[in-house]
Amino acid sequence: MSSSPIAQAIKDICEEKGIAYESVLETLEAALAAAYRKDFGEPNQNVKAKFDPETGSITAFDEKEVVTDEFVAEALKEIEERRAQREIETQLRAEGKFTPPAIPLVPPAPPMNPDGTPVVEAPKYNPKLHLALTEAKVHKPDAVVGDVITIPLAVPGAFGRMAAQTAKQVVTQRLREAERDTIYNQWKGREGELLIGIVQRKEGRVVLVDLGQRATGTLREEEQI
C-alpha cells in the first residue's frame, strides 16, 4: 500500500535530515494538542491528539486517570475549606484584624521513615488529570481505579487549517533541531584538532571561518594570529 503525500513527504524529510519518523510524529501530535487546548479546550481537560499521516485526519481526546470517589470528595472538601479560610482572611484584612502566621527562621525538616528514607507524599488531586470512578463509568462502564481512559473531543472544522500551519511549524522546528544535533555530533569529538577553513567575514573583533559540513567556527581576538 502506497503512502499518502503527507506521510511520504515526512518520510523523505526524515531520511534526508536523519530524523526519526516517530519522533516527528510525536512532536507534531504534542503541538496539535497544544493548539487545540489553546483555542478549543476547557481548563480541566488533559488534551491529547492523534494525527494519521495516511489520511491527514486528526482526533482529540481528554486523557484521565480513574481514582476513587472518596479521593475526589476529600480533595474537593479540602479545596472548599481553603477557599472559606481565604475569605475569612480577606475579611479580617479589610477590618485590620488579620495577623499573618509567623514564618519559621529554619524550615522544618522533611518527614522521614523509621529506616531513614524520605516519606513519599500521597498524590494530590488534579481535576485536569484525575476522574472519579462514578464519572468514569459514564464514559467507560467497565472502568476501574487506576485505568487511564480517553474521552473523545469534538474537532471543529476550523482546526484543520490551524493544524496544517502547526504541522508545518513543527516539522520546520524539528528539522532545525536535527540539523543542530547532527552538526554538534560531527564536531564534538574534534576539540584540539588542527583544521583548514575559509574566512567568511569579521564581526567586530571576531572572525567567522567556514569549516565545511554546514559548520562555521569563530576565532576570538586572543586566538588570532
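The values are calculated or read from the model by the stated rules, or taken from the named source; none is laboratory data. The shown structure was predicted, so the numbers you read here are calculated from the model rather than taken from an experiment. With ideal geometry, Cβ positions are generated from the backbone for all residues, glycine too; neighbour counts draw on all protein chains shown. We work out accessible area using only protein heavy atoms, side chains counted, and drop any ligands, DNA or RNA first. Shrake-Rupley method; radii C 1.70, N 1.55, O 1.52, S 1.80 Å.
Max-minus-min Cα coordinates of segment 105-148 on each principal axis give 49, 26, 13 Å, with the largest extent listed first. Counting only residues at least eight positions apart within a chain, or on another chain, the aspartates and glutamates with an alpha carbon under 12 Å from that of K64 are E135, D147. Based on Cα contacts under 8 Å between residues 6+ apart, the chain shows a relative contact order of 22 percent.
Legend: residues Y125, Y36, sorted from most to least accessible area (1.4 Å probe; ligands, DNA and RNA excluded), read Y125, Y36.
Treating each Cα of the chain as an identical point scatterer and summing with the Debye formula, the log10 of I(q)/I(0) at q = 0.12, 0.15, 0.17 Å⁻¹ comes to -0.96, -1.07, -1.19. Across segment 171-179, coupling constants 3J(HN,Hα) worked out from phi with the 6.51/-1.76/1.60 Karplus curve, θ = phi - 60°, read 4, 4, 5, 5, 5, 4, 4, 5, 5 Hz, and Gly and Pro carry x. Quotient of the Cα radius of gyration of segment 84-176 and 2.2 N^0.38 Å, N being its number of residues: 1.97.
To the nearest 10, the accessible area of T68 is 50 Å² with a 1.4 Å probe.
The tail of the calculated P(r) for segment 60-114, taken as Cα-Cα distances beyond 16 Å, holds 71 percent of the pairs. Along segment 38-45 the Karplus relation, 6.51 cos²θ - 1.76 cosθ + 1.60 evaluated at θ = phi - 60°, assigns HN-Hα couplings of 5, 9, 10, x, 9, x, 9, 9 Hz to successive residues, with x for each Gly and Pro. Relative contact order of segment 74-158, taken over Cα pairs closer than 8 Å and 6 or more residues apart, is 15 percent. Within the shell of other residues whose beta carbon sits under 14 angstrom from the beta carbon of I19, the net charge comes to -3, with Lys and Arg scored +1 and Asp and Glu -1.
Here the Gaussian network model covers the chain, with springs between Cα atoms less than 10 Å apart; of K77, K50, K168, K77 fluctuates the most.
Here, segment 1-100 has an Rg and a Dmax of 23.7, 76 Å when only alpha carbons are counted. In this structure R180 has an accessible area near 130 Å², from a 1.4 Å probe over the protein heavy atoms. What segment 124-225 shows is 73 Å² of accessible area per residue, with the surface traced by a 1.4 Å probe over protein heavy atoms. In summary, the convex hull built on the alpha carbon positions of segment 161-223 has an orientation-averaged projected area of 6.0 nm². When the Gaussian network model of the chain links Cα atoms closer than 10 Å, the mean-square fluctuations of L208, L76, L129 top out at L208.
Within segment 112-224, what whole-number % of the accessible surface is contributed by carbon and sulfur, with the 1.4 Å probe and all protein chains included in the calculation? Present the calculation step by step, with values, prior to reporting the outcome.
On the way: 4580 of 8380 Å².
Exposed carbon and sulfur together represent 55 percent of the surface.
In µm²/s, what is D for segment 115-225 at 10 °C and 1.306 mPa s, where D = kT/(6 pi eta Rh) by Stokes-Einstein and Rh is the Kirkwood radius from Cα pairs?
Values: Rh = 21.0 Å.
Estimated diffusion coefficient is 75 µm²/s.
Each 10 Å bin from zero holds the following percent of Cα-Cα pairs in segment 119-169: 19, 30, 23, 23, 4. The heavy atoms of R86 present about 130 square angstrom of accessible area, all protein chains included, probe 1.4 Å.
Can you list the lysines whose alpha carbon sits under 28 Å from that of K188, skipping same-chain ones fewer than 8 residues off? Filter leaves K11, K17, K202.
Compactness check for segment 8-48: Cα Rg over 2.2 N^0.38 Å is 1.50. E81 sits among other residues whose Cβ lies under 12 Å from its own Cβ, and their net charge, with Lys and Arg +1 and Asp and Glu -1, is 0.
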